[in-house]
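Worksheet for the structure shown next.
The values are calculated or read from the model by the stated rules, or taken from the named source; none is laboratory data. Bear in mind that the values here come from a model prediction, so they are computed numbers and not experimental data. All Cβ positions, even for glycine, are placed from backbone atoms using ideal geometry, and neighbour counts span all protein chains on display. Side chains are part of the model used for accessible areas, which takes the heavy atoms of the whole protein and leaves out ligands, DNA and RNA. Shrake-Rupley method; radii C 1.70, N 1.55, O 1.52, S 1.80 Å.
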Amino acid sequence: MAAPRRLHLNLNFLSAGSHAAAWLWPGNRPDAFVDPTYLVETARLAERGTFDAVFLADHPSMPARSDLRPFQALEPSIVLTAIAGATSHIGLIGTISSSYNAPWNIARRFASLDIISGGRAGINIVTTADWTAAFNFGSEAAADHATRYDRAVEFTDVLKALWNSWQDDALVGDKATGVFIDRARVNPAHHHGRYFQVQGALNVPRSRQGHPVILQAGGSDDGLELAARHAEAVFTAAHTPEDSLTYAHRLRARAEALGRPPGSVLVLPGLVTIIGGTETEAQRREEELNALTSTEQGVTWISGLLQIDASRYDLDAPLPDDLPVPADGMTTFASGALDKARRQKLTLRQLIRSQAGGGSNHRAIVGTPEQIAASIETWFRSGAADGFNVMPDVLPSGLEAFVDQVVPLLRRRGIFRETYEGETLRDHLGLARPGWAPPAG
């Protein structure tokens, strides 16, 4: 008999929390976003809830209106290395931009994290559309959408070639013969592409789980192609089960057309949670957070997302019908926001407030632990999601509520683990260890 399908949960660790006003919540410290103790303790709380992984987003520039809320400041692989030393099971997923990194350095960095953590590393590969990031790396403008994803595909091709430059048994360490590494089992990556020229082998051997789990975030056609070719799990933005199912079917059909086996890609939508003992308490918590929210921050968020000057519009009027989805930028998130606003007939202010005060592009549930567990189970059993990137409104209190009140209900419903049943991130996600394959020439 096949093993029962299990729900997957990651903590999307967004500094003080997913809500734009999380850092203003009573008891939260403004400097927590650069406090290693806070970062480690929050990850340990997620491990207490037997989450699959802690996931760190990243962006290689100062965010717009950084004067109004904390942001992801520390480099993800450094933070995850600190977390690795303070935990024993939880996976460690970090985001990198393929637009502004070289694959050899990133392959080495995440292979090192994978070995140090005992096979718990994952890498989320994104493209970067922000012009401020382009300025930081000597460019006058960000590349167009198609070019960014074309580069990302090649970037990931090279990553995998480098991780496969060592066979599993290349490290011999034979004192009798004096052979340390069998050079016949080390295969340099001879890559000559449009964006990258890589000749050598990686200087790090394969890890317990083969190589880090590859993840991707993005729902555009170009993003779908990248995910279908390389991703083992995909972080998505879906506001309805129907949207998520449609995306999952498209992704899996494309992956199978590329020769990948069925079920080889997990679909993990983002989920913002605002939890109360009753519906009234949860709604009051949301109202209190929204009352703390800066209007300026929300307007900046929607302006950047839709690539408009939202300050020119009436916040208490519906979005103009003629607003297009931007051709470049975060097209998936922009499309989702516009669809939601039109479907629910939301004003600009209502849209901002419904998206964690402009702090998140993902679906939010405001309710009791029972309501949240029921919604998660419905999406999971329908096949709309294999799990979720959980984004508590406020950290650590929102995560504590999820771990102590929602997780037991998911276990009682028979869809989430009682304890960790493996040691690597692949074990947690139910993914096979990739066998060695010679690097493509």
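Taking the conditions exactly as written (closer than 23 Å to LEU431 by Cα, touching an Asp or Glu at 6+ places or on another chain (Cβ under 7 Å), modelled with pLDDT of 95 or more and not aromatic (Phe, Trp, Tyr)), does ILE83 satisfy them or not? No: the conditions fail for ILE83. Can you work out which of the residues in region 169-209 that are surrounded by 11 or more Cβ atoms within 10 Å (Cβ to Cβ) and among the polar types (S, T, N, Q) is nearest to the chain's Cα centre (by Cα)? Taking the candidates together, the pick is GLN209.
With the condition kept exactly as written, say whether any residue in region 133-149 is at pLDDT below 95 and in contact with a strand residue (DSSP E or B) (Cβ under 8 Å, 6 or more places away or on another chain). Yes, region 133-149 contains a residue that is at pLDDT below 95 and in contact with a strand residue (DSSP E or B) (Cβ under 8 Å, 6 or more places away or on another chain).
Look at LEU258 and say whether it is open to solvent by 70 Å² or more (accessible area, probe 1.4 Å) and among the aliphatic types (A, V, I, L, M). Talk me through it step by step, then tell me what you get.
Values: open to solvent by 70 Å² or more (accessible area, probe 1.4 Å): yes; among the aliphatic types (A, V, I, L, M): yes.
The answer is yes for LEU258.
Taking GLY422 as meeting all but one of (1) open to solvent by 10 Å² or more (accessible area, probe 1.4 Å); (2) outside any loop (DSSP other than H, G, I, E, B), write down the number of the exception. Going through (1) open to solvent by 10 Å² or more (accessible area, probe 1.4 Å); (2) outside any loop (DSSP other than H, G, I, E, B) one by one, GLY422 breaks only (2).
In the list ILE78, ILE83, which residue meets the criterion of being assigned to a helix (DSSP H, G or I) and touching a strand residue (DSSP E or B) at 6+ places or on another chain (Cβ under 7 Å)?
Details: ILE78 fails: touching a strand residue (DSSP E or B) at 6+ places or on another chain (Cβ under 7 Å).
Just a single option satisfies the conditions, and that option is ILE83.
Of all residues in region 1-53, those satisfying the criterion of being within 22 Å of GLY422 (Cα to Cα), among the small types (Gly, Ala, Ser) and surrounded by fewer than 18 Cβ atoms within 10 Å (Cβ to Cβ) are ALA2, ALA3.
Restricting attention to region 210-219 and to residues that are assigned to a loop (DSSP other than H, G, I, E, B) and at negative phi, the residue that is surrounded by the most Cβ atoms within 10 Å (Cβ to Cβ) turns out to be PRO212. Looking at (1) at pLDDT 95 or above; (2) open to solvent by 20 Å² or more (accessible area, probe 1.4 Å); (3) of a type outside the set (Gly, Ala, Ser), which is the one condition that is false for THR273? With respect to (1) at pLDDT 95 or above; (2) open to solvent by 20 Å² or more (accessible area, probe 1.4 Å); (3) of a type outside the set (Gly, Ala, Ser), THR273 is out only on (2). All conditions but one from (1) within 21 Å of ILE116 (Cα to Cα); (2) acidic (Asp, Glu); (3) in contact (Cβ under 8 Å) with a residue 24 or more places away in the chain apply to ASP58; the one that does not is (1).
Among the candidates ARG349, ARG411, ARG381, ARG363, the residue that is open to solvent by 30 Å² or more (accessible area, probe 1.4 Å) and within 30 Å of SER311 (Cβ to Cβ) is uniquely ARG349.
Residue check: SER88 meets all listed conditions (1) open to solvent by 60 Å² or more (accessible area, probe 1.4 Å); (2) farther than 14 Å from LEU425 by Cβ; (3) not acidic (Asp, Glu) but one, namely (2).
Only a single item in (1) in a helix (DSSP H, G or I); (2) modelled with pLDDT of 80 or more; (3) open to solvent by 20 Å² or more (accessible area, probe 1.4 Å) is not met by ARG417, and it is number (1).
Among the residues here, VAL390 does not qualify as at pLDDT 80 or above, in a strand (DSSP E or B) and either of a type in the set (Ser, Thr, Tyr) or open to solvent by 10 Å² or more (accessible area, probe 1.4 Å) (or both).
The number of residues in region 54-72 being hydrophobic (A, V, I, L, M, F, W, C) and open to solvent by 50 Å² or more (accessible area, probe 1.4 Å) comes to 3.
Quick one: is VAL158 within 27 Å of SER220 (Cα to Cα), in contact with a helix residue (DSSP H, G or I) (Cβ under 7 Å, 6 or more places away or on another chain) and either of a type in the set (Phe, Trp, Tyr) or open to solvent by less than 30 Å² (accessible area, probe 1.4 Å) (or both)? Yes. Across region 121-136, the qualifying residues are those that are under 21 Å from the mean Cα position of the chain (by Cα) and open to solvent by 10 Å² or more (accessible area, probe 1.4 Å), and the one among them that is farthest from LEU431 (Cα to Cα) is ASP130. For GLY367, the conditions (1) under 23 Å from the mean Cα position of the chain (by Cα); (2) closer than 20 Å to GLU279 by Cβ; (3) small (Gly, Ala, Ser) all hold with the exception of (1).
One residue stands out in region 295-316 among those that are among the small types (Gly, Ala, Ser) and open to solvent by less than 30 Å² (accessible area, probe 1.4 Å): the one that is nearest to LEU68 (Cα to Cα), namely GLY298. Restricted to region 108-120, and to residues there that are assigned to a helix (DSSP H, G or I) and surrounded by 20 or more Cβ atoms within 10 Å (Cβ to Cβ), the residue that is nearest to the chain's Cα centre (by Cα) is PHE110.
Test of understanding: among THR246, THR236, THR278, which residue is of a type in the set (Val, Ile, Thr), under 24 Å from LEU14 (Cα atoms) and out of contact with any Asp or Glu (no Cβ under 6 Å at 6 or more places or on another chain)? From the options THR246, THR236, THR278, the qualifying one is THR236.
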